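Structure first, then comments.
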Amino acid sequence: MGQSNSNHLSLDQITFENVSVFIEGFDPILQSVDIEIPMDQTIVLESSNPAHAVHLLSVLAGRQAPQSGRIIWNEFNLFDSEEDVLPRQKLIGSYFEHQRPQPDATILTILTQSCERKQVLKEARDHFEFTPALLQKKFRDVTYEVQKLVMLIAATLNQPQMLTLEDPAVGMNEKTFLDYLDWIQLMQRRGHLRHIFLTNNHPAALRHLESSKLFVEDGLLYLEDEENFKKAVHF
């Protein structure tokens, strides 16, 4: 399964070695943490401080470097390589609430820029029933729900191995969210989106997910159930 990525790259292991993440003047998010991150499953990141879960998601996505320690992807130090040995943009798809394209860009342009394969783009357009008229609309002229769906779809179009999503269900109606989960399942059946990490502040979303939980509290990470550490669970 690890070799079935469209770019023939494999992300099989993420290890934190003495990792600390903090914001000056606030309690540490992570403090000297050693852990092998659970892979090949869906993990919901939780914290009594929701911002800490989002920071951890950003670290896992390779968007935020730790203040100390090392994050090892396979055998490579993610933030210490002179060259991008494991190109993040090909291995990880991400959605964060602050992440928005140019407001004048059309929906079609946004999706096209996110996709290297025309066939995958066509499949996405068909799956989500995007009409030609919608595709020509500017991002700023569609509803927040459509904007969010477009960005969530864009995160998957290069068929990465890992997906990091901030609150994917918030602001989405149930049908739209379930359509998105169906799309993820389709990608997973082809060997993509193997590792999924998300935050969730939607009260009903988790009933649609088979997932494990990873808690970030008091500078530490701990799993909901140690026995399920390596259990493969998907959407």
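The values are calculated or read from the model by the stated rules, or taken from the named source; none is laboratory data. If you're wondering where the values come from, they're calculated on a predicted model, not measured in any experiment. As a convention, Cβ positions derive from the backbone with ideal geometry for all residues, glycine included, and neighbour counts pool all protein chains shown.
Show the residue pairs that are 6+ apart or on different chains and have beta-carbon atoms under 8 Å apart, the first residue being within segment 119-132 and without any contact (Cβ under 8 Å) to a residue 40 or more places away in the chain, the second being not acidic (Asp, Glu) and not in a helix (DSSP H, G or I).
Close Cβ pairs satisfying both conditions: VAL120/LEU157; VAL120/GLN159; LEU121/CYS115; LEU121/LEU157.
Any residue in segment 205-217 that's free of Cβ contacts under 8 Å to residues at least 40 places away in the same chain: show its pairings with residues that are assigned to a loop (DSSP other than H, G, I, E, B) at Cβ separation under 7 Å, as long as the two are six or more apart or on different chains.
Between residues of segment 205-217 that are free of Cβ contacts under 8 Å to residues at least 40 places away in the same chain and residues that are assigned to a loop (DSSP other than H, G, I, E, B), the close pairs are ALA205/ALA169.
Scan segment 23-79 residue by residue and report those that are in contact with a Lys or Arg (Cβ under 7 Å, 6 or more places away or on another chain) and of a type in the set (Asp, Glu).
ASP40, GLU46
Are any residues in segment 25-46 at pLDDT below 95 and among the small types (Gly, Ala, Ser), and if so, which ones?
GLY25
Quick one: would you say ARG189 is under 21 Å from the mean Cα position of the chain (by Cα) and modelled with pLDDT under 95?
Judged against the criteria, ARG189 is not a match.
Spot the failing condition for LYS122; the list is (1) over 24 Å from THR42 (Cα atoms); (2) among the charged types (D, E, K, R); (3) surrounded by 12 or more Cβ atoms within 10 Å (Cβ to Cβ); (4) modelled with pLDDT of 95 or more, and only one is missed.
Of (1) over 24 Å from THR42 (Cα atoms); (2) among the charged types (D, E, K, R); (3) surrounded by 12 or more Cβ atoms within 10 Å (Cβ to Cβ); (4) modelled with pLDDT of 95 or more, only one is false for LYS122: (3).
List the number of the failed condition for PRO168; all other conditions in (1) within 20 Å of the chain's Cα centre (by Cα); (2) surrounded by 13 or more Cβ atoms within 10 Å (Cβ to Cβ); (3) free of Cβ contacts under 8 Å to residues at least 60 places away in the same chain hold.
Result: PRO168 passes all but (3).
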